[in-house]
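**Student:** First, the structure itself, so that you have it in front of you.
We did not get these values from a lab; they are worked out from the coordinates using the rules stated. Fair warning: this is a prediction, and the values are worked out from it, not measured in the lab. Positions of Cβ are generated from backbone atoms using ideal geometry, with glycine treated the same way; all protein chains shown enter the neighbour counts.
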Amino acid sequence: MMLTASDVTAVLTEISPLLRGGWIQKIQQPTDRTVILDVRVPGQTHRLLISCHPDTARIHLTTSSPANPPTPPAFCQFLRAHFQGSRIDDIRQVGHDRIIELQLTGKEGAHTIVCELTGNKANILILDANRHVLKELSHQRTFTGQAYAPPSPRNTVHNAAPSRFTNTAGGTYPVSEAIDACYREQEATRAVDRMKEDRLRVLRKTLKKEQRLVEAWRSDLSRTTAYRDYARYGELLKANLSTITKRMDHIEMTDYFDERLPHITVPLDPMKSTQGNMDDYFRKHRKYLAAERELPPRIEHAEQGLERLRQELRDIEQGTWTPPAVLPARLTTATGKRRPVPDQQRGPFRRFTSTDGLPIFVGRNARENDELTFGLAKSDDLWLHARGTPGSHVVVRLGKGTDPPSETLRDAAMLALLYSDLKKSGKGEVIYTRRKWIKKAKGHAPGAVVVTQEKSLHVNLDKNRLQALKSRAS
């Protein structure tokens, strides 16, 4: 549900007087189509959210602080380079349409940010003083350098409807607060839907894999049942070793284990010796005994696990599933097994699990830092350290060729800051790179390293994130 033109009029009536004359202090781009501007006015900073997502295109003030990617997108970098520190001269609606223009004056002169909140073609464009397009967010058009022309107005009847948010009572900025609350609820619903889709994918994949495993166990059990009498055959061969000659493919013997003493035919492998044939029968009987002992309880336990997974799948498909506060990082399989955490028992390091379920290791002292970085860490693992100050080495175990998820990176950076001399200040820069770009500093104490190809991340200690990390410590 997008903002209508009347909604745009209502929110601009509220926020334009507040932001006009303010200075852009900070620019963020938490998602591919959302930009947040921190605007400083005398005595206060307002946070202006602009979204050009097709389903949730909007503009309003917000108090939320969404997580940002570790590296700002190219559009965000462009905005920071050219408009951080600029003054907002005016914010206005173009006609009675869902198009807003922010008139800015900065170190490079006058510019305009155009916010087209127009459904599937929603976009954010940067215009120069001559209203030529310098940059645009959605990459839907290829008119960089051309004169800007607004899209043709549509849905005039719909746009003429009164705003849904003008009758909201209470709050300092009631229209923005109502819009923010409305879209937060929508995004929370979408987040649950995405969680369901992800869970369905994991459940279906796990069910398929575990069902194949159970079928393989059943096949093994059925096949080894044929070996039930092989111990008797081995004993009979042992009693008749002297009568067996080379290259015999069978032997007829009296079965002394049956009170009726019948004659039975026991197949032989003509390519094996008498001893080899006897050993084969005893070996296959041991295999039968092991299968009879181990496979039935394993199959029963797996069937119970499969039923739990099927029930969860039914709950999701029927709409009765409630997502847990935190989904398990590693799904317990139908067999009751969990994927082992690599190197779980190696080293006395602090151990945590990230929001995404990845293992994080933290050294406790210089010796452990050295052992962690040059002993446990693999070349593609992520390595972190607080910049320019003594502190712990932090390592995130990553698969080969994989990049760290943004939440995992922030978790690890938070731990690097916490276990450093920057802890008291509560904020600071954390550098990170792959382990393969770390070398020992020759002639220095253990833990001293030389770092190349590093990136940096500014971190503020977050009590909620730290508490969640400590709850997953091992």
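**Student:** Exactly which trypsin sites (Lys or Arg not before Pro) in segment 207-252 are in a DSSP loop and have at most 14 other Cβ atoms within 10 Å?
**Tutor:** Within segment 207-252, the qualifying trypsin sites (Lys or Arg not before Pro) (loop, at most 14 other Cβ atoms within 10 Å) are R228, K246, R247.
**Student:** Here's a follow-up. At 222 nm, what helix-only mean residue ellipticity would the chain give, in deg cm²/dmol to the nearest 500, using -39500 (n - 2.57) for each DSSP H run of four or more?
**Tutor:** So the calculated ellipticity at 222 nm is -11500 deg cm²/dmol.
**Student:** Can I ask one more? Can you tell me, using C-alpha contacts under 8 Å and at least 6 residues apart, the relative contact order of segment 5-167 as a whole percent?
**Tutor:** It comes to 21 percent, rounded to a whole number.
**Student:** How many angstrom lie between the Cα centre of segment 19-61 and the Cα centre of segment 109-152?
**Tutor:** If you average the Cα positions of each part, the centres end up 17 Å apart.
**Student:** A follow-up question, please. Can you work out ³J(HN,Hα) from phi for every residue in segment 234-244, in order, using Karplus 6.51 cos²θ - 1.76 cosθ + 1.60 and θ = phi - 60°, giving whole Hz and x for Gly and Pro?
**Tutor:** Going residue by residue, I get x, 5, 5, 5, 4, 6, 10, 4, 6, 8, 9 Hz, with x marking Gly and Pro.
**Student:** Could you tally the net charge around T433, taking each other residue with its Cβ under 14 Å from the Cβ of T433, Lys/Arg +1 and Asp/Glu -1?
**Tutor:** Local net charge: +2.
**Student:** Can you give me the pair-distance distribution of segment 25-165, C-alpha pairs, 10 Å bins, whole percents?
**Tutor:** Result returned by the calculation: 11, 42, 36, 10, 0.
**Student:** Okay, next question. Sort out for me the Cα centre separation of segment 413-467 from segment 360-376, rounded to whole Å.
**Tutor:** Using only Cα atoms, the two centres lie 12 Å from each other.
**Student:** A follow-up question, please. For every other residue with a beta carbon closer than 10 angstrom to the beta carbon of L127, add +1 if it is Lys or Arg and -1 if Asp or Glu, then tell me the sum.
**Tutor:** The answer is -1.
**Student:** I'd like the FRET efficiency for Q77 and S242, computed as 1/(1 + (r/R0)^6) with the beta carbon distance as r and R0 of 60 Å, rounded to 0.05.
**Tutor:** 0.10
**Student:** Another question, if that's okay. For labels at K107 and Q311 in the simple 7 Å Cα→Cβ model, what's the distance in nm?
**Tutor:** Going by the 7 Å Cα→Cβ label model, 6.3 nm.
**Student:** What longest region of the chain stays clear of GluC sites (Glu not before Pro) that DSSP places outside H, G, I, E and B and that have at most 14 other Cβ atoms within 10 Å?
**Tutor:** 260-474
**Student:** Turning to a different aspect of this structure: Once each part is reduced to its C-alpha centroid, what is the distance from segment 261-324 to segment 207-242 in angstrom?
**Tutor:** Taking the Cα centre of each part, segment 261-324 and segment 207-242 sit 9 Å apart.
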